[in-house]
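Chemist: Structure provided below as structure tokens; questions to follow.
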Amino acid sequence: VTVSLLKLEVDGLEALRRERGGAASRDALRAVADALTAREVGTCARVGPSDFAVLLTGASREAARAEGVEVERALDPLLRAEGLALRWGVGTVSGPASPRTLLIRSEQDLCGRPRAVRRVPTPGGAPVLLLRALDQATQAS
């Protein structure tokens, strides 16, 4: 089975926090999370201070990139109003894969070059949903 990970980074949160306080940056993150969850296209989780991921089971790289464009379009008015920007990348694998492999591939796409993955989601928080969904998806192949 093909699995894609749409990795999103919200840029500008630190400036928003400095200018308008922590509540404003938390509200912006909550609005992004709500918008991602409302799309109901995959398993969503916050995977870093300003990072989100959407696991798309059965989605090709092209389908995941199309979803990234749609997410960007949907979030643009909200982000612009807060002086924020969105960057995103896609990692895709077919068959068994580790969360690290998907994160590395999505980070490479996001950055346009190889970049070390600082952390891999671990059980104990929202990212565990991604791990479970990935495990289920890759074991079905």
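The values are calculated or read from the model by the stated rules, or taken from the named source; none is laboratory data. This one's a predicted model, so the numbers in the text were calculated from it and none came from an experiment. For accessibility, only protein heavy atoms count, side chains too; no ligands or nucleic acids. Shrake-Rupley method; radii C 1.70, N 1.55, O 1.52, S 1.80 Å.
Chemist: On the protein heavy atoms, probe 1.4 angstrom, tell me the percent of accessible surface of region 1-44 carried by carbon and sulfur.
Modeler: 46 percent
Chemist: I would also like to ask the following. Cα gyration tensor of region 36-79, axes a ≥ b ≥ c as square roots of the eigenvalues: rounded (a/c below 1.5), prolate (a/b > b/c) or oblate?
Modeler: Oblate, since a/c reaches 1.5 and b/c is not below a/b.
Chemist: Sticking with this one: Report in % the part of the accessible area of region 53-92 that belongs to carbon and sulfur, leaving out ligands and nucleic acids; probe 1.4 Å.
Modeler: C and S fraction of accessible area: 52 percent.
Chemist: Keeping all protein chains in the complex and leaving out DNA, RNA and ligands, what accessible area do you get for residue 93 with a 1.4 Å probe, in Å² to the nearest 10?
Modeler: It works out to around 10 Å².
Chemist: Solvent-accessible area of residue 61, probe 1.4 Å, all protein chains present, reported in Å² to the nearest ten, please.
Modeler: Residue 61 has an accessible surface of roughly 90 Å² with all protein chains in place.
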